[in-house]
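Engineer: I have a structure I would like to understand better, so I am pasting it below and will then ask my questions one at a time.
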Amino acid sequence: MSNTAINTAQNVNIEYEFAGVGKRMLAFLLDLVIFAIYLITMSLTIYKAVGLFDDNNTLGIQELSMIPIFCYSLFMHLIFNGRTVGKFIMGIKVVREDGSPARLSDYLVRWIFRLVDIVIFFGTVGVVSILFSEKKQRLGDLAAKTIVINTKKSTKISHTILEELDPNYQTQFQNAYLLTDADVNEIKDIYRLAGESRDYMTLRELRIKVESLLNINSDLRDGVFIRTVLKDYTYLTQGR
């Protein structure tokens, strides 16, 4: 299992697992199912309707209908932030090697290289490249400097840290209100990911960063400290 460290907006490194060839192939097969449904629908509707009026135009319509399939990967990745339908279902996405969102130029390079990685050699070049490259990259990824990471979590824990507070709850850190909503969302995500992967070093870095943001010090354990700050933020921003 190979991982990559991605630096977040809070300047904390968290690790993501590179998506392996199995998940990527399953995502591709799911996209093929989308293509099949699309073509069946077209054949039962548009193709038939055109054939009723002028059968000579059916071939031209069929060729035009291939354009969405041809451009599917490029547009889906662009519109859905590094995902196709198959990737979304499999919980994987395309990002740049530094963890930042991929750009149009990155998606375009990957899309062009699909001809070699997937189309011409029936996927063998892409599979071999993923299997033997350090970061599980096909040729298109290597050229675009992108990676495919797992975003689906394998463990079942609650994604909600800001739980309903006891009516008699007392805050410990009054400065918690200085955090922004973006800060809190980022802290929640890092806390959750660190907990799932038992990454105590990341949890410690997060604690140090939060203490720095709020200019406070605490003797609480790292996890307890983060949960307390989040609860205090909830309490203070609810106007109690």
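The values are calculated or read from the model by the stated rules, or taken from the named source; none is laboratory data. These numbers were taken from a predicted model, which means no experiment stands behind them. Neighbour counts are summed over all protein chains in view; Cβ atoms, including those assigned to glycine, are modelled from backbone coordinates with ideal geometry. Accessible surface areas use protein heavy atoms only, side chains included; no ligands, DNA or RNA. Shrake-Rupley method; radii C 1.70, N 1.55, O 1.52, S 1.80 Å.
Engineer: Add +1 for every Lys or Arg and -1 for every Asp or Glu among the other residues with Cβ under 13 Å from the Cβ of Phe113, and state the total.
Structural biologist: Net of charged neighbours comes to +1.
Engineer: For every other residue with a beta carbon closer than 14 angstrom to the beta carbon of Leu178, add +1 if it is Lys or Arg and -1 if Asp or Glu, then tell me the sum.
Structural biologist: On the way: positive: Lys209; negative: Asp181, Asp183, Glu211, Asp232.
Combined, the nearby Lys, Arg, Asp and Glu give -3.
Engineer: Let me ask something else about it. For the chain, which whole-number percentage of the solvent-accessible area (1.4 Å probe, protein heavy atoms only) is attributable to carbon and sulfur atoms?
Structural biologist: It is 60 percent, rounded to a whole number.
Engineer: Could you pull out every residue, at least 5 positions away or on a different chain, whose amide H is within less than 5 Å of the one on Lys93? Hs are placed 1.01 Å off N in the peptide plane, and Pro or chain starts have none.
Structural biologist: It is Ile149, Thr151, by chain and number.
Engineer: Related question: Enumerate the helices in the chain for which the Kyte-Doolittle hydropathy averages -1.0 or more and the C-alpha atoms extend at least 20 Å along the helix's axis, using complete DSSP H runs.
Structural biologist: Helix filter hits for the chain: 21-44, 181-196, 200-214, 222-237.
Engineer: How much length, in nm to one decimal, is gained on full extension between Phe35 and Leu64, taken as 0.36 nm per residue of separation minus their Cα-Cα distance?
Structural biologist: 9.0 nm
Engineer: All other residues with a Cβ under 14 Å from the Cβ of Val210 taken together, and with Lys, Arg as +1 and Asp, Glu as -1, what is their net charge?
Structural biologist: For residues surrounding Val210, the net value is 0.
Engineer: Spin-label point model (7 Å from Cα, Cβ direction): what's the Phe132 to Ser100 distance in nm?
Structural biologist: According to this spin-label approximation, the distance is 3.2 nm.
Engineer: Give me the number: length gained by fully extending Arg221 to Leu26, i.e. 0.36 nm times residue separation minus the C-alpha to C-alpha distance, one decimal in nm.
Structural biologist: 66.0 nm
Engineer: Leaving out ligands and nucleic acids, note down the accessible area per residue over the stretch 169-240 with a 1.4 angstrom probe, in whole Å².
Structural biologist: Value returned for the stretch 169-240: 57 Å² of accessible area per residue.
Engineer: I would also like to ask the following. Roughly how many debye, to the nearest 20, is the charge dipole of the chain about its Cα centre, given +1 on each Lys and Arg Cβ, -1 on each Asp and Glu Cβ, and no other charges?
Structural biologist: Dipole magnitude for the chain comes out near 380 debye.
Engineer: Enumerate lysine pairs in the stretch 42-136 that are 8 or more residues apart or on different chains, then count those whose Cα atoms are under 18 Å apart. Don't skip to the answer; put the middle values down first.
Structural biologist: Details: Lys87/Lys135; Lys87/Lys136; Lys93/Lys135; Lys93/Lys136.
Eligible lysine pairs with Cα atoms under 18 Å apart amount to 4.
Engineer: Please return the longest range in the chain lying between exposed loop sites, taking GluC sites (Glu not before Pro), DSSP loop only, at most 15 other beta-carbon atoms within 10 Å, and leaving the sites out. Intermediate results must be reported in sequence, preceding the final value.
Structural biologist: Working: sites that count: Glu134, Glu163, Glu164.
With a cap of 15 other Cβ atoms within 10 Å, the longest stretch comes to 1-133.
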